[in-house]
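The values are calculated or read from the model by the stated rules, or taken from the named source; none is laboratory data. Everything numeric here is computed off the predicted structure, so don't read it as measured data. So basically every Cβ, Gly included, is an ideal-geometry build from the backbone, and we count neighbours across all protein chains shown.
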Amino acid sequence: MQQYDYKEIVKSNLWKNNVVFAQMLALCPLLAVTSGATNGLGLGLITTAVMFFSSLLISLIRSFLTPQVRIPIFILLIASLVTIADLAMNAWLHELHKVLGLFIPLIVTNCAILGRAESYASKNPCLPAVVDGLTTGLGFTLALVILGGCRELLGSGTLFANASLLLGSAFSVIELAPFPEYKGLLLIILPSGGFIMLGLILSGKRVLEQWFSKKPAKIIANEFSCH
Amino acid sequence: MKLISEKSKQTLAYPALLMGIVALIVCSLLLLMNNLTAQPIAARQREDLTKLLDQVLPASTYDNQPLDEKYQVTIEGQNFAFYRAKLQGKVTAIVLFTQSAGYSGDISLLVAITADGALSGVRVLSHTETPGLGDKIELAKSDWILGFNGLSLSNPDKTGWAVKKDGGQFDAFTGATITPRAVVKGIYSTLEQFKNNQDFFLQTDKAANGS
């Protein structure tokens with residue numbers, strides 16, 4: 001039996017190989033919805049749910065698949081899951097559906113889902129496949145929330161506006177307006193601002209990673225010198 | 001784990017059969033889901049419409065269920081979907097859905113007109129105007145749209161039905177003149193169509209009633 005390093009899967013999908021920040025996939029839905037952190041969180045969570053189930057289903061049927069028809073079957077499954085999510089949200093999360101409605105069908109075009117189905121779920125047993133799908137989705141959600149939060153703060157001076165619509169009225173406490181007088185920077189809300197912000201965040205990640213990769217080395221050096 | 005031998009997978013029929021089975025399962029799942037959600041979705045949509053109606057039409061002005069009967073009409077190439085609000089069988093107001101060409105795409109408007117031709121309320125339902133500039137036509141962003149309440153074709157007169165930049169009485173937003181201009185024009189032409197076809201909309205025309 002092959003051993004699966006779940007910690008490594010989680011670490012890789014959330015940070016090191018994050019679909020957005022490292023693989024630069026799924027940028028279309030990313031840039032479209034991240035004018036606010038709440039929208040980002042909403043779409044991220046739906047995408048995570050779709051990825052979870054698509055990984056599970058594809059991993060379950062992987063022994064039946066043949067190379068010739070695997071891609072159409074993946075697309076069929078993913079598209080159906082997205083349609084189911086769309087219908088369910090329209091019926092039971094109607095307020096959020098009104099905000100995100102336009103983007104939900106676009107989850108089908110999220111190449112990250114097909115990518116994980118093809119490269120991981122179709123080759124691995126259920127449990128690792130599900131963990132992989134879930135963490136990739138959460139990594140995507142993380143990226144959406146970070147980008148959405150930055151753009152919302154700079155663009156309209158709020159954070160998690162309308163979060164109570166998405167998560168219930170109990171969460172209205174996280175709706176922040178740190179700069180009540182701030183009129184907002186229009187550019188950041190527009191699509192071009194999404195690209196600019198993404199570029200800044202990507203370079204920020206590079207700087208962080210360089211900083212982190214130097215730091216442990218220093219600690220080791222100190223330890224050697226001490227003992 | 002090998003439920004199906006590699007040899008049978010190589011046959012021509014296998015991929016076709018596999019696709020067929022997967023499609024069948026997926027379709028039945030979708031059918032089930034559609035049946036499950038059809039009623040809640042219809043209920044939510046009706047709630048949305050009811051909320052909208054409450055915003056533009058005082059509940060005291062009608063005693064029927066306007067949403068039960070939806071009408072469609074095309075006047076001079078412009079499509080209108082509308083509902084009739086009635087009090088004791090007489091139409092007291094109509095609620096129209098219409099579009100006006102904005103800066104980037106159509107602006108969907110909901111216009112409520114009372115039987116005497118005055119505006120009871122106007123709302124922008126959807127638009128693709130520039131965020132931060134043109135989106136002040138939304139009630140959520142600015143109360144500009146409330147300025148239309150109570151107006152009619154004669155109040156103000158024709159020259160008044162324009163943005164201030166064009167000599168009218170309506171404010172235009174900084175950096176966005178085309179958007180409010182489009183809304184004003186859309187509302188004005190809706191009022192005109194209403195006036196020209198008053199008998200039809202209010203069901204006072206015997207012939208229209210009969211058909």
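Examine region B:86-93 for a residue that is basic (Lys, Arg), more than 25 Å from residue B:180 (Cα to Cα) and within 14 Å of chain A (Cβ to nearest Cβ), and state whether such a residue exists. No: zero hits. Among helices (runs of 4 or more DSSP H) entirely within region A:1-75, having at least 1 residues that are touching an Asp or Glu at 6+ places or on another chain (Cβ under 9 Å) singles out A:6-11, A:37-60.
Scan region A:94-108 for residues that are in a loop (DSSP other than H, G, I, E, B) and at pLDDT 85 or above and report the count. Selection size over region A:94-108: 1. Condition first: more than 14 Å from chain A (Cβ to nearest Cβ), closer than 23 Å to residue B:190 by Cα and outside any loop (DSSP other than H, G, I, E, B). Can you find one or more residues in region B:43-54 that meet it? Checking region B:43-54: at least one residue is more than 14 Å from chain A (Cβ to nearest Cβ), closer than 23 Å to residue B:190 by Cα and outside any loop (DSSP other than H, G, I, E, B). For residue A:80, the requirement of being hydroxyl-bearing (Ser, Thr, Tyr), at pLDDT 85 or above and crowded, with 21+ Cβ neighbours inside 10 Å is met.
Got a sec? Which strands (runs of 3 or more DSSP E) wholly within region B:75-142 have at least 2 residues that are modelled with pLDDT under 90, over 11 Å from the mean Cα position of the chain (by Cα) and surrounded by fewer than 21 Cβ atoms within 10 Å (Cβ to Cβ)? Full working, then the answer.
Values: elements: B:78-87, B:90-101, B:106-114, B:119-126.
In region B:75-142, B:78-87, B:90-101 are the strands (runs of 3 or more DSSP E) which contain 2 or more residues that are modelled with pLDDT under 90, over 11 Å from the mean Cα position of the chain (by Cα) and surrounded by fewer than 21 Cβ atoms within 10 Å (Cβ to Cβ).
Please determine whether any residue of region B:151-174 is under 19 Å from residue B:102 (Cβ atoms) and within 14 Å of chain A (Cβ to nearest Cβ). So far as region B:151-174 goes, yes, one or more of its residues are under 19 Å from residue B:102 (Cβ atoms) and within 14 Å of chain A (Cβ to nearest Cβ). With respect to residue A:154, determine if the residue is at pLDDT 85 or above and either over 16 Å from the mean Cα position of the chain (by Cα) or outside any helix (DSSP H, G or I) (or both). In short, yes.
Among the residues here, residue A:54 does not qualify as within 9 Å of chain B (Cβ to nearest Cβ), of a type outside the set (Phe, Trp, Tyr) and touching a residue at least 60 places away in the same chain (Cβ under 8 Å).
Looking at the structure I just gave you, is residue A:63 out of contact with any helix residue (DSSP H, G or I) (no Cβ under 8 Å at 6 or more places or on another chain), within 11 Å of chain B (Cβ to nearest Cβ) and under 30 Å from residue B:17 (Cβ atoms)? Let's see the steps before the verdict.
Numbers: out of contact with any helix residue (DSSP H, G or I) (no Cβ under 8 Å at 6 or more places or on another chain): yes; within 11 Å of chain B (Cβ to nearest Cβ): yes; under 30 Å from residue B:17 (Cβ atoms): yes.
Taking the combined requirement at face value, the residue satisfies it.
Just one of A:137, A:194, A:115 is within 15 Å of the chain's Cα centre (by Cα), among the small types (Gly, Ala, Ser), surrounded by 20 or more Cβ atoms within 10 Å (Cβ to Cβ) and under 21 Å from residue A:43 (Cα atoms); which is it? Steps first, answer last, please.
Values: A:194 fails: within 15 Å of the chain's Cα centre (by Cα); A:115 fails: surrounded by 20 or more Cβ atoms within 10 Å (Cβ to Cβ).
Within the list A:137, A:194, A:115, the selection yields A:137.
Just one of the listed residues (A:104, A:113) is more than 13 Å from chain B (Cβ to nearest Cβ) and touching an Asp or Glu at 6+ places or on another chain (Cβ under 6 Å), and it is A:104. Looking only at region B:74-98, residues that are over 13 Å from residue B:193 (Cα atoms), of a type in the set (Val, Ile, Thr) and free of Cβ contacts under 8 Å to residues at least 40 places away in the same chain come to 1 in all. Every test in (1) closer than 30 Å to residue B:114 by Cα; (2) part of a helix (DSSP H, G or I) is passed by residue B:63 save one, and that test is (2).
Of B:36, B:29, B:17, which residue is within 11 Å of chain A (Cβ to nearest Cβ) and in contact with a helix residue (DSSP H, G or I) (Cβ under 7 Å, 6 or more places away or on another chain)? B:29 is the lone residue from the list that is within 11 Å of chain A (Cβ to nearest Cβ) and in contact with a helix residue (DSSP H, G or I) (Cβ under 7 Å, 6 or more places away or on another chain). So how many residues does region B:106-134 have that are within 14 Å of chain A (Cβ to nearest Cβ) and free of Cβ contacts under 8 Å to residues at least 24 places away in the same chain? Adding up the residues that qualify gives 4.
Condition test on residue B:67, is it more than 14 Å from chain A (Cβ to nearest Cβ), in contact (Cβ under 8 Å) with a residue 24 or more places away in the chain and of a type outside the set (D, E, K, R)? The answer is no for residue B:67.
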